[in-house]
């Protein structure tokens, strides 16, 4: 019997989309530290199915989602042999089910790329608390996504360290517009990646392993290449405009090599608020999981004496033309950001597969943007159609150049 004035709360149930990636693993690390507060409801994976099996054995989710029926049969056999009753679901329908399931409290949206759009939107339409690590979902669908957040009463919490930092530094009610809350601009920090000081003529010969060797963060290969080209920051620029109801001219990118200041908010009275911390994604994950409370994340305290200095530079758009392309895409609006994202995904995949040079990534994107006809974003299908067509144009570019 519960005594007078006492209450019992059930753990929040969490679906982790993209459980085997770096964000997914960091999320599960934070969850494991607070088993009284959080319980894993579903885990999803795409290629690292052995790792997904191991995670299922540790966290014992109610559901797991894999790409194909053959994958499902194999995983089901292994988990039953381990004594688990986890139900295996398949494909897009499975992702949508575990995102919108009535027993789910929160969804960590950490699937990389356009593949994360539909399940993330399914979670939004189900009114879930959505922890948004998949920036491409918002980049692609923009106003459609944010309208759904409002219509269905979803709670959207940013996981990218930069957007999470801005969220922490903004006043309540910023959704009405930054200027109305005394905000002059938001300053989006960027490390500059591994090629911040590399001679421009050397970028032609960059290898995938070099591009994936980020100086500060441990990330997957696709996002690491995006960081090296600074397309990651371009996508975050677009995401910031939608997340915080900001005009493009209210968002400024600042290169900060130490990755200690994760972003800043500049107010009209001259105050500038910044969020600092060690470069570890468990900090924004823990913040979003527990918001508006704070919980221990496993991240070491920031040692300012060890950091010793904080440097800042203007981004060089000659070195990083993807920044210009992203800014142009959000200015054009409509399906242009979806086209930008799709062309980038094809170009990065080609680079990682040895079919394109590093310096050709922005060339492919710009060629596709120049060819694609931009239309208004009226529904999800027009976004997906623009995505498919842009991928076709990027693939055609590769074929024309013998790739």
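Here, each number is a calculation from the coordinates, and none is a lab measurement. Note that the coordinates shown come from a computational prediction; the quantities given were computed from them, not determined experimentally. No Cβ is skipped: glycine too gets one built from the backbone with ideal geometry, and neighbour counts run over all protein chains shown.
Values computed for the structure shown
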read-out: Inter-label distance for residue 373 and residue 269, nm, one decimal - labels placed 7 Å from Cα along Cα-to-Cβ; value: 5.2 nm
read-out: Estimated FRET transfer efficiency (residue 399, residue 9; beta-carbon r; R0 41 Å; 0.05); value: 0.10
read-out: Global size of the range 1-95 as Cα Rg and Dmax, reported in angstrom; value: 14.9, 53
read-out: Cα centroid of the range 173-245 to Cα centroid of the range 271-289, whole Å; value: 16 Å
read-out: Ascending count of other beta-carbon atoms within 10 Å, so fewest first, for 378, 335, 20; value: 378, 20, 335
read-out: Part-to-part distance (alpha-carbon centres) for the range 8-86 and the range 101-169, which is given in Å; value: 20 Å
read-out: Difference of contour (0.36 nm per residue) and Cα-Cα distance, residue 51 to residue 201; value: 50.0 nm
read-out: Compactness of the chain, expressed as Rg and Dmax over alpha-carbon positions, Å; value: 21.1, 75
read-out: Residues 9, 47, 283 arranged by fewest to most Cβ contacts within 10 Å; value: 9, 47, 283
read-out: Paramagnetic reach from residue 85 in the range 18-58 [backbone N under 14 Å; point 7 Å along Cα→Cβ]; value: none
read-out: Antiparallel content of DSSP bridges confined to the chain, in %, to 5; value: 30 percent
read-out: For 175, 236, 381, order by how many other beta-carbon atoms lie within 10 Å, fewest first; value: 381, 175, 236
read-out: Helical mean residue ellipticity (222 nm; -39500 (n - 2.57) per DSSP H run of 4+; nearest 500) of the chain; value: -13500 deg cm²/dmol
read-out: 18 Å reach of a label modelled at residue 147, 7 Å along Cα-to-Cβ, counting backbone N of the range 115-135; value: 118, 121-127
read-out: Value of D in µm² per second that Stokes-Einstein yields for the range 248-290, Kirkwood Rh from Cα pairs, at 25 °C (0.890 mPa s); value: 202 µm²/s
read-out: Dimensionless Rg ratio for the range 12-158, taking C-alpha atoms and the 2.2 N^0.38 Å reference; value: 0.98
